[in-house]
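What follows draws every value from the coordinates through simple rules; no lab data is involved. Note that the structure is predicted; figures quoted are calculated from it, not measured. Every residue, glycine as well, gets a Cβ built from its backbone with ideal geometry; the counts of neighbours run over all protein chains shown.
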Amino acid sequence: MKRIGFGVLFLAGLYGVPFLLIVGLIRRTSSPYLATRAAAQEFGATTDTILTAGLILSLIVPLAGILLAALADDRYWKRHFTWSLAGMAVIWCLVALAGNAATGPLIGWTPADEEPAPRITQCIPVSGGRGCPGG
């Protein structure tokens, strides 16, 4: 039974964490149509949460696996989680490269909104007589 638990934890780290990072990077590079500034900030905050969770879990899952395998005295899974920790270091380097290649920051960025400019309801004249259309 413990082998199944280690296998589930290993597969969650192997497939789940990179999935979170890929989804976060895709969301970061997409340009969605967002009608308001609040929707754009919400989109950015959700993307930040996904990327941050992926980066944190990429470190915690292998460390938890190493710790649990050491407590269970299972050298097979301890070796697997140690190598997955090395693989996660490679993933961190790839995310860092993506961050350097990006035009904006990976975390803390808010996409542009498509909120229309407010309608002008009155004219404020400018000196020189060129401020209001029609005189």
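The ILE26 and THR52 beta-carbon pair, evaluated with R₀ = 22 Å, returns a calculated FRET efficiency of approximately 0.90. Highest mean first, the peptides 87-93, 61-67 sorted by other C-beta atoms within 10 Å per residue fall in the order 61-67, 87-93.
With 0.36 nm allotted per residue and the present C-alpha distance subtracted, the LEU94-LEU14 stretch has 27.3 nm of extension available. The residue among SER58, VAL17, SER30 whose Cα reaches farthest toward the positive pole of the charge dipole of the range 1-74, with charges on the beta-carbon of Lys, Arg, Asp and Glu, is SER30.
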